[in-house]
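The values are calculated or read from the model by the stated rules, or taken from the named source; none is laboratory data. This is a predicted model, so every value here is computed, not measured. Here the Cβ positions follow ideal geometry from the backbone for every residue, glycine too, while neighbour counts run over all protein chains shown.
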Amino acid sequence: MKKSWIVIIVLVIVGFLSYNYFKTTYNKMVTLDEAVDKHWADVENVYQRRADLIPNLVATVKGFASHEKETLEGVINARARATNTTINAGDLTPEKIAAFQQAQDGLSSALSKLMVVVERYPELKANQNFLELQAQLEGTENRITVERRKFNQSTQGYNTFINHFPENMLASMFGFEEKTYFKAQEGAETAPKVEF
């Protein structure tokens, strides 16, 4: 009789410890997954802020450089593509992140062309509205960099946790999959060639 009580007590303790481990590990995976989703929402938020600034910037430039129609239309079209390319935080596949990043890079390229056009108009560069919009856009670009870094850090923490043993077995059992990082644009490692 005494041995059976010991076996029962040991089984209860093992069961309790197992339950605690599973519960703690599962809850940590959920918390890390939610952190990745939150940081993705922050990334989308700053990209949206940039997209919201563009109509005012284009309108200001249009007032001074209305014959730069092609450049202005390029910015407007790139903005439309960038705002139409969205990803659900729960579906961050490499292909979808690449498509999102490509649309955002297209907008960045169009904005760069617009800034080159602006150089031809000294009166525009001195316009207070333009200067304020340009400062806001620069600040937003910095925020984009910060939010992308935070997203990659939370993704790394999540991916590392679900790939450790024995958490990897629980992650696959509960359907937790690796998340994709933001990566540098292809060719970003090569400095641009500047010729005068």
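Checking the structure you have, find out if any residue of segment 1-18 is under 22 Å from Tyr121 (Cβ atoms), assigned to a helix (DSSP H, G or I), without any contact (Cβ under 8 Å) to a residue 40 or more places away in the chain and out of contact with any strand residue (DSSP E or B) (no Cβ under 9 Å at 6 or more places or on another chain). No, because not a single residue in segment 1-18 is under 22 Å from Tyr121 (Cβ atoms), assigned to a helix (DSSP H, G or I), without any contact (Cβ under 8 Å) to a residue 40 or more places away in the chain and out of contact with any strand residue (DSSP E or B) (no Cβ under 9 Å at 6 or more places or on another chain). Note on segment 126-142: among residues that are touching a residue at least 40 places away in the same chain (Cβ under 8 Å) and among the polar types (S, T, N, Q), the one that is farthest from Pro55 (Cα to Cα) is Asn127.
What tally of residues in segment 10-26 results from selecting those that are of a type in the set (Val, Ile, Thr), over 32 Å from the mean Cα position of the chain (by Cα) and modelled with pLDDT of 90 or more? I'd like the intermediate steps shown before the answer.
Our first condition is that a residue be of a type in the set (Val, Ile, Thr); within segment 10-26, this holds for 10, 12-14, 24-25.
From what is left, the residues that are over 32 Å from the mean Cα position of the chain (by Cα) are 10, 12-14.
With modelled with pLDDT of 90 or more added as a condition, the list becomes 12-14.
Final tally of qualifying residues: 3.
Quick one: which helices (runs of 4 or more DSSP H) lie wholly within segment 27-138 and hold at least 3 residues that are surrounded by fewer than 19 Cβ atoms within 10 Å (Cβ to Cβ) and either within 16 Å of the chain's Cα centre (by Cα) or at pLDDT 85 or above (or both)? It would help to see each step written out before you state the result.
Values: elements: 69-84, 94-118, 122-125.
Fully inside segment 27-138 and qualifying: 69-84, 94-118.
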